[in-house]
1. Which Cα, out of Asn252, Thr220, Asn104, lies furthest along the positive dipole direction of the chain (beta carbon charges, K/R +1, D/E -1)?
2. What list do you get for Glu200, Glu85, Glu158 if you sort them by fewest beta carbons within 10 Å?
3. From the mean inverse distance of alpha carbon pairs (Kirkwood) and the Cα radius of gyration, derive Rg over Rh for the stretch 61-308.
4. Okay, helix-only estimate at 222 nm for the chain: each DSSP H run of n ≥ 4 adds -39500 (n - 2.57), divide by all residues, round to 500 deg cm²/dmol; what do you get?
5. Work out how far the C-alpha atoms of the stretch 66-199 reach from end to end along every principal axis, then list the three figures in whole Å, largest first.
6. Using alpha carbons only, how many angstrom separate the centre of the stretch 268-295 from the centre of the stretch 91-143?
7. Magnitude of the Cβ-charge dipole of the chain, K/R +1 and D/E -1, about the Cα centre, nearest 20 debye?
8. So for the stretch 128-270, what percent of the C-alpha to C-alpha distances run longer than 27 Å?
Amino acid sequence: MKSLVSIRQVFAAVLLFALFNAAAYAQATRTWVSGVGDDANPCSRTAPCKTFAGAISKTAASGVISVLDPGGFGAVTITKSITIENDGAIGGILSAGTNGIIVNAAQTDKVVLRGLSIDGGGSGLDGIRFLKGGSLTVERCVINGIVQKGINFIPNGEAGVVTPSLVVTDTQIHNAADPTNGGAINVAATNGATARVLLENVQMTRSTFGLKLTGPGRATVRNSSASNNDLSGFQSSGAGAVMVIDNSDASNNNGTAVVAFSNGVITLSRSLIANNAGGLSAFAGGVIQTFGDNRNTANTTPGAPTAPVTPTQ
């Protein structure tokens with residue numbers, strides 16, 4: 001009888017240990033990082049982690065990593081649906097010599113980045129590099145001091161993502177000014193993918209270019225600025241590259257503000273093109289069309305649209 005009781009006690013102890021161990025390593029829906037955290041912690045509100053990389057391994061798919069207090073939380077690679085958010089405190093990533101955030105997720109995964117400061121320290125590669133995934137949303141972020149692209153959105157259709165989506169709102173991108181590789185936002189889908197892009201209230205300044213769209217892809221830009229760049233403000237090229245720019249600004253660029261070539265199309269409405277080396281330039285099958293309500297002024301070479309647009313009702 002004693003032997004049977006002993007066996008039951010041992011079994012109960014083993015079961016209790018297994019349950020405790022599973023709970024200890026279970027991924028949480030919401031995790032936290034802190035400037036004084038530790039990646040050995042479970043990333044809870046009262047025991048936060050130190051880095052985004054440490055927190056993401058303990059965060060369930062479609063979960064949220066929140067910034068608890070100011071800190072620098074390191075570069076991170078994202079391979080699943082996740083939201084990394086910061087409301088109020090400094091949520092920093094110093095990415096000197098490397099990429100700040102890499103997104104390499106599944107075709108249905110959705111990634112949201114909110115309220116982050118990504119600084120390359122003058123040697124960082126891409127601020128955000130998107131290779132694969134269903135969508136990327138960037139809200140209220142600042143990207144600065146990058147050698148290559150502030151946001152480099154280069155999804156590959158071979159991964160099964162045929163219409164990847166990029167949405168950028170209330171975001172500033174500065175000083176991505178390497179003359180060979182630099183630029184604020186680069187969109188270039190490949191191998192059967194067609195990028196869909198929305199920029200709303202985005203500032204792209206002091207970089208090699210503002211927004212570059214290489215087809216196939218469709219971009220809508222509203223209430224945004226691509227100014228004080230070394231070359232172009234807005235550029236569309238390649239078959240299927242269609243960019244619509246409304247109520248925006250391309251000024252003080254050292255090159256041509258708005259450029260369409262190699263069958264790329266740009267449509268302008270209610271926008272300011274001023275104080276650039278060149279205003280508008282369309283060549284090699286490129287088309288710049290306008291609703292006739294823009295201000296193209298004070299450019300060394302103003303250029304002209306290739307066609308008017310007749311609004312449809």
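1. Result: Asn104, furthest along the dipole toward the positive end.
2. Values: Glu200 15, Glu85 18, Glu158 11.
Sorted ascending by nearby Cβ count, the order is Glu158, Glu200, Glu85.
3. My calculation of the ratio gives 0.98.
4. -3000 deg cm²/dmol
5. So the three principal-axis extents are 40, 35, 23 Å.
6. 31
7. Value, rounded to 20: 780 debye.
8. Above the 27 Å cut-off, the stretch 128-270 has 10 percent of its Cα pairs.
Only the coordinates and a few stated rules stand behind these numbers; no lab work does. Keep in mind it's a predicted model, so treat the numbers as computed, not measured. Here the Cβ is made from the backbone with ideal geometry for all residues, glycine too, and neighbour counts use every protein chain on show.
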